[in-house]
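**Student:** Sharing a structure, written as structure tokens. Questions coming.
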Amino acid sequence: MDRYTGIWIDKREAIIFDSLDDFAQARRVYSDIKIGNAKGGARSSTPYGPQDTVSESKVLEKKKSALHHFYLEVMESIENPKMVLLLGPGITKNELGTEIEESHSFKDVPVYIQTLDSITENQIRAEIKKFYISRLS
């Protein structure tokens, strides 16, 4: 039986549905990304001395690395799909789509991307079912 997968994703979590159980059960993968501004830096003990600052490029690099690991974790949790539908509110779904297309283990898997706001799990399931019914009919 062919396996079709639907994933709703943002920077905090991914909700994964699979056609093998008729999209009934949702699996969740959570990210370790800390969303917020860089904090830190210190004053020198001498008056008018130099300040230690937090390098913004290092913070961005850590976020980029954490996102990459999150995408790999999501990709490991889906097994041999024939087709993947990515849903979500931001650009995270596009970045995951790029990771899937560049992956050797998902070489011939078509990836479809749709923008979808933050909605309930049942609404996500309904959107995924609607997509595959229209696509496979």
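Read-outs throughout are calculated quantities, based only on the coordinates presented, and are distinct from any laboratory measurement. Keep in mind that this is a model prediction, so the values were computed, not measured. With ideal geometry, Cβ positions are generated from the backbone for all residues, glycine too; neighbour counts draw on all protein chains shown.
**Student:** Could you line up Arg28, Arg3 from fewest to most neighbouring Cβ atoms inside 10 Å?
**Tutor:** Numbers: Arg28 11, Arg3 14.
By the 10 Å Cβ count, ascending, the order reads Arg28, Arg3.
**Student:** Now for a different question. In whole Hz, with x marking every Gly and Pro, tabulate ³J(HN,Hα) for segment 5-17 from phi via Karplus 6.51 cos²θ - 1.76 cosθ + 1.60, θ = phi - 60°.
**Tutor:** Along segment 5-17, the couplings run 10, x, 10, 9, 9, 9, 6, 8, 7, 10, 10, 10, 10 Hz.
**Student:** Starting from a Cα-only point model with no solvent, please compute log10 I(q)/I(0) by Debye for the chain at q = 0.10, 0.15, 0.17, 0.18 1/Å.
**Tutor:** Values returned for q = 0.10, 0.15, 0.17, 0.18 Å⁻¹ are -0.41, -0.73, -0.89, -0.98.
**Student:** Count of lysine pairs in segment 4-136 with Cα atoms under 19 Å apart, counting only pairs 8 or more residues apart in sequence or on different chains?
**Tutor:** Number of lysine pairs found: 24.
**Student:** Can you tell me the 0 to 90 degree angle between the C-alpha axis of helix 121-136 and the longest principal axis of the chain, rounded to 10?
**Tutor:** 50
**Student:** Points 7 angstrom from Cα along the Cβ direction at Glu61 and Ser105: gap in nanometres?
**Tutor:** 2.7
**Student:** Rounded to the nearest 500, what is the chain's calculated 222 nm mean residue ellipticity when only DSSP H runs of at least 4 contribute -39500 (n - 2.57) each, over all residues? Intermediate results must be reported in sequence, preceding the final value.
**Tutor:** On the way: 3 runs with 48 residues, N = 137.
Calculated from helices alone, the mean residue ellipticity at 222 nm is -11500 deg cm²/dmol.
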